[in-house]
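Everything on this sheet refers to the single structure shown next.
Computed from the coordinates by the stated procedures, all read-outs in this text should not be read as laboratory data. Predicted model, so just to flag it, every value in this text is computed and none were measured. FYI the Cβ positions are ideal-geometry reconstructions off the backbone, even for glycines, and counts take in every protein chain you see.
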Amino acid sequence: MIAMNEMSPVTEAQATDVKKPTLPDAQTVTFVKHWTDRLFSFRCTRPASLRFRSGEFVMIGLLGDNGKPLLRAYSIASPSWDDELEFYSIKVPDGPLTSRLQHIAPGDEIILRPKPVGTLVHDALLPGKRIWFFATGTGIAPFASLLRDPQTYEDYDEVILTHTCREAGELAYGAELIDSIRSDEMLAELMGEGFHEKLRYYPTTTREESAKMGRITDLMRSGDVYADLGVEPLCPEHDRAMVCGNLAFNLEIKELLEGYGLEEGANSKPAQYVVEKAFLD
Ligand code: A2P
């Protein structure tokens, strides 16, 4: 079997100079990394006025052929304290935006509407002891933000990220994120020494062999995930959850969480879990 990263080597590019913006709401791309032939992440400058809560999304895009902005909702993957913004995207060959966005390079401009919104925020959850972040595919993006936010470790004793992807190569962004969080000295200073001992990471694949195979929903039903992590199943008293993935996954896990007795929350009415759809072009 050919590994994903052999077929599509990871490539990185960094900005050497930052040009003056010419588009309305323009930001300049500073860094691009291609993880697989289907996935890439990039960083761009952050508007000085942009305040957001970790886990929220904004509309970003490019100027369309008709001269009008072509925008899509993207979760901000960087934490709210970061000077720059990070995004994680799928590449859809015939997708109106991503077929073009995948070719951006450092120094290029993108459009970013500075109006953050979203439900995957700490404010939408009641206090608890343990938080679960359930992601599939690019649905990991809002959790990349929340996992680098000190509040996540201040509010909870235990933080569990599950990430289900089709192929092993699609786990690379999350695996590198977790490594960087565990070894980052600045984060340790910001969040307190030993904060990362609260963090558990549970990656699974469904269509290519990896250390753990299966959909997270099936692994919850079978009890595998609890046995593997050595933790108790979810309970409404202590557990809180945030969910971000494809539609079928969101619906299925919602049903599971309700089955455990958790109730859906919102900004206006905090409860025990919140859900958001991952970006798809
Ligand atoms: P599967 O390969 O069995 O469909 P996608 O790339 O299509 O968005 O899928 C990302 C991951 O989400 C895949 O591993 C996929 O598994 C999984 N997935 C899709 N539907 C569900 C579901 N209803 N419950 C749990 N996982 C799902």
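Paramagnetic label reach from E263 (point 7 Å along Cα→Cβ; backbone nitrogen cut-off under 12 Å): within region 123-157, residues 126. For the cross-link pairs K33/K91; K115/K269; K129/K212; K91/K277; K33/K198, which exceed 24 Å when the distance is taken from alpha carbon to alpha carbon? K129/K212; K33/K198, as the Cα separations exceed 24 Å there. To the nearest Å, what is the center-to-center distance of region 46-71 and region 172-209, using C-alpha atoms only? Taking the Cα centre of each part, region 46-71 and region 172-209 sit 27 Å apart. Give me the distance between the Cα centres of region 89-144 and region 74-88, rounded to whole Å. Centre-to-centre distance over Cα atoms comes out at 8 Å. If R0 is taken as 25 Å, the Cβ-Cβ distance between K68 and L251 corresponds to a FRET efficiency of 0.15. Protection proxy ranking for 238-249, 200-211, 159-170, using the average of other Cβ atoms within 10 Å per residue and placing the highest first: 159-170, 238-249, 200-211. Highest mean packing first, where packing is the average number of other Cβ atoms within 10 Å per residue, the peptides 139-150, 74-85 line up as 139-150, 74-85. This ranking places R51, R38, R221, R72 by how few other beta-carbon atoms lie within 10 Å of each, fewest first, which gives R51, R221, R72, R38.
Each helix, a run of at least 4 DSSP H residues, gives -39500 (n - 2.57); summed and divided by the residues of the chain, these come to -6000 deg cm²/dmol at 222 nm. What the Cβ-Cβ distance of E176 and K212 gives, at R0 = 25 Å and to the nearest 0.05, is a FRET efficiency of 0.90. Based on alpha-carbon atoms, the Kirkwood radius and the radius of gyration of the chain give Rg/Rh equal to 0.96.
The tail of the calculated P(r) for region 122-277 beyond 18 Å holds 56 percent of all Cα-Cα pairs. Taking other C-beta atoms within 10 angstrom as a stand-in for reagent exposure, Y156, Y260, Y173 fall in the order Y260, Y156, Y173, fewest first.
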